[in-house]
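Enquirer: My structure is below; once you've seen it, I'll send some questions.
Rule-based calculations on the coordinates, nothing more; no lab input. Fair warning: this is a prediction, and the values are worked out from it, not measured in the lab. All Cβ positions, glycine included, derive from the backbone under ideal geometry; neighbour counts span all protein chains shown.
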């Protein structure tokens with residue numbers, strides 16, 4: 001009988017110990033949850049602030065008589081304060097002054113920088129005024145395409161006239177994100193309205209003829225009303241159609257590496273290796289977005 005108080009005391013203190021241990025684990029769990037939440041919030045803030053842009057380019061003359069492509073890359077040291085602006089312009093073949101006009105376009109973009117990221121309409125109007133000045137000078141005796149992107153604080157603005165490409169590669173999938181302003185797009189819309197198949201649009205000889213270009217009067221400058229959000233691992237390519245004529249857009253991800261420079265090298269060498277008889281001039285600017 002004298003053992004009962006001892007047993008009860010042992011049980012009591014054992015229960016107290018178990019409760020203390022359970023309480024300790026519960027407090028530890030709460031602390032870890034708070035830490036994890038702060039870590040996720042901090043990482044989210046880092047995602048917003050710490051995406052860097054690794055940039056490289058290639059600029060090659062194909063089988064044409066002269067190089068009519070031109071490009072511009074804004075100063076990388078101003079990336080933090082003004083973002084990066086890149087532009088590719090492709091002189092229209094078969095017309096005079098294509099090389100002069102494409103160079104005038106990229107020089108003008110250089111003069112425009114730094115560009116107000118949030119005022120997309122004003123930027124499009126500047127591009128239109130540039131085209132009108134080219135129209136007055138060359139009177140449609142030449143023209144060029146125009147594709148420009150502006151990356152700032154993990155967001156992307158796109159401006160284009162003609163059929164040079166802006167391509168976004170995300171999760172291994174490449175997509176041309178700017179509409180082409182050529183005759184095939186007009187044909188496709190007309191055929192769809194008529195309830196017909198679009199095959200005819202692709203086999204028409206003039207399907208690639210431009211319906212708008214720089215050097216035309218008041219061209220339609222295409223741009224998005226809101227910027228595109230960019231994420232860690234995204235790749236943006238701005239290029240003349242000499243690249244996408246040689247390498248299908250759906251195959252571009254095969255040449256990606258973690259380095260923009262190596263990606264540019266892979267794409268350039270693949271085009272050279274194909275040795276297409278009528279290879280157009282080809283220019284490409286590669287931009288890898290990452291946290292490192």
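Enquirer: Quote to one decimal, in nm, the extra length available between residue 64 and residue 177 on full extension: 0.36 nm per residue of separation minus the C-alpha distance between them. Write out the running numbers ahead of the final one.
Expert: Numbers: separation 113, 0.36 × 113 = 40.68 nm, distance 2.75 nm.
Working it through step by step, the gained length comes to 37.9 nm.
Enquirer: Which whole-number percent is the relative contact order of the stretch 51-290 (Cα, under 8 Å, 6+ apart)?
Expert: Values: 525 pairs, mean separation 70.8, N = 240.
It comes to 30 percent, rounded to a whole number.
Enquirer: I'd like to compare 134-147, 252-265: which one has the highest average count of other Cβ atoms within 10 Å, and what's the full order after that? Intermediate results must be reported in sequence, preceding the final value.
Expert: Details: 134-147: 20.4, 252-265: 17.1.
Going from most to least packed, we get 134-147, 252-265.
Enquirer: Compute the length gained on full extension between residue 125 and residue 76: take 0.36 nm times their separation in residues and subtract their Cα-Cα distance, giving the result in nm to one decimal.
Expert: Numbers: separation 49, 0.36 × 49 = 17.64 nm, distance 2.52 nm.
Roughly 15.1 nm would be gained on extension.
Enquirer: Rank these for me by crowding, 150, 82, going from fewest to most other beta carbons within 10 Å.
Expert: On the way: 150 25, 82 16.
Ranked by crowding around the Cβ, least crowded first: 82, 150.
Enquirer: When all C-alpha to C-alpha distances in the stretch 108-197 are sorted into bins of 5 Å, what percent of pairs does each bin hold, rounded to whole numbers?
Expert: 3, 10, 17, 19, 18, 14, 11, 6, 2, 0
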